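What follows is calculated from the coordinates using simple rules that are stated; it is not laboratory data. Quick caveat, the model's predicted, so the values are computed rather than measured. Quick reminder, even Gly has a Cβ in these numbers, built from the backbone with ideal geometry, and neighbours come from all protein chains shown.
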Amino acid sequence: MTTTPEHDERVAKLTFASVYPHYVDKIEKKGRTKAELHQVIQWLTGFNESKLQELIDEKVTFKTFFEKAKLNPNAHLIKGVICGYRIEDIETPLTRQARYLDKLIDELAKGRKMEKILRVA
């Protein structure tokens, strides 16, 4: 199942700051910590905590967020279904990257071990 241009545009315009609190709520309800969330985000994007906070404060869009990111070389190892889409079948790079992040956060919330989430070879 591939994404529509409208869906891709919606993802691009979404601000990271509007979604971040939902990420925090999701993982904390499942007993995980904000530090673990930041570790996952840093692994995927290369953003340290201060850069992440700067991007949240600037209310950047997902488009800008991922343009500034240095995506982890092992990100392509993130596979599976998230939000009804098989990640490896998503053709639009930005939408695929946003779903990578969703998938990692989902795995964190489900209690998966950090070594597996971070795709340690």
Q) Under the rule of -39500 (n - 2.57) per DSSP H run of 4 or more residues, summed and divided by the residues of the chain, what mean residue ellipticity at 222 nm is obtained, to the nearest 500 deg cm²/dmol? A) -17500 deg cm²/dmol
Q.
With the crude spin-label approximation of a point 7 Å out along Cα→Cβ, what separation in nm comes out for LYS26 versus GLN42?
A. 2.1
Q. Ordered by residue, what ³J(HN,Hα) values in Hz, to whole numbers, does segment 33-49 give under the Karplus form 6.51 cos²θ - 1.76 cosθ + 1.60, where θ = phi - 60° and Gly and Pro are x?
A. 10, 5, 4, 5, 4, 5, 4, 5, 5, 5, 4, 6, 9, x, 7, 7, 4
Q: For segment 7-121, just the Cα atoms, rotate onto the principal axes and tell me the three extents in Å, largest first.
A: 32, 32, 25
Q. Mean separation of Cα pairs under 8 Å and 6+ residues apart, divided by the residue count of segment 5-117: what relative contact order is that in percent?
A. 34
Q. So which aspartates and glutamates pass the test for LYS113, namely a Cα distance under 13 Å, with those fewer than 8 places away in the same chain ruled out?
A. GLU36
Q: Measure out, as a whole number of angstrom, how far apart the alpha-carbon centroids of segment 68-111 and segment 7-36 sit.
A: 13
Q: Just subtract the alpha-carbon distance of GLU115 and ARG10 from 0.36 nm times their residue separation and send over the number in nm, one decimal.
A: 34.6 nm
